[in-house]
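The block underneath contains the structure these notes are about, expressed in structure tokens.
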Amino acid sequence: MSSDYDPTEFIDGDLQAHPSPGSAAPAGASPGPRAPTREEVDSKVTEAQQKLAQLKRAQEELERERAALEETRRRQLEFQTGRLEMVQNLTRGLGLLEEAEFAARRDAEQMAKALVDLRAALAKVQAINENTWTRDNFNVELTRALTTLENARLESNAARLKFPVLAAQPSQPAPDAPATETGPRSLLAIHSFSDWCRLGLAGLALTWPLATVVGLALIIFLALRLRH
């Protein structure tokens, strides 16, 4: 019985593909990567420094852009806050002024009507002429004149109640007060010579008992000394 013999069946392909470290490199194999030279290292250092400078410039540019954006955001916030504040203030101011204008217009209309009524009442009062009255129409004209005066008084009182400016009384100048001396006065300025005489007599009348006692004591003392 014959069999085919294959010598490759007993050969490990991995051992052939990866030679052992101690084994010598086969002839014709290419050497490994060479070490970088100094010029190549310097070139790479310069390239790295340039990249760092570019990154620094980019960072500074980003910082400026960020600062500009923050300033824009601050201004936008200031605009929104100021706008809201001004809208509120202007709305409130318009409301107050409209109310004040309405009240002023109403007061002006009432004042204009009061002016017309007061002018009419004044004209009626000034139109009264008692020189034209006769004995026959005296009572009638007097009654009519009193009625006119009463109506004018009513108009004046009504206007005074509506408008406080009419209730103010004109200021009257105060009468000149007599000049008074407020400072202290001396006794010579208060009393005359006769007053001084009366003042001295009054003092003597008050002090003569004491003077008498002192005189008697002095006489007794002298008498006792003379005896000794």
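Values in this text are rule-based calculations from the coordinates and carry no lab data. Keep in mind that what you see is a predicted model, and the values were worked out from it rather than measured. Backbone-built Cβ (ideal geometry, glycine too); neighbour counts: all protein chains shown.
With K and R counted +1 and D and E -1, the other residues having a Cβ less than 12 Å from that of V116 yield a net charge of -1. Taking the number of Cβ atoms within 10 Å of each Cβ as an exposure proxy, the fewest-first ranking of I220, I128 is I220, I128.
Residue order for S156, S43, fewest other beta carbons within 10 angstrom first, comes to S43, S156. Sorted ascending by nearby beta carbons within 10 Å, beginning with the fewest, M86, M111 become M86, M111.
By the rule of a C-alpha distance below 18 Å, with chain neighbours fewer than 8 residues away ignored, the lysines paired with K162 are K113.
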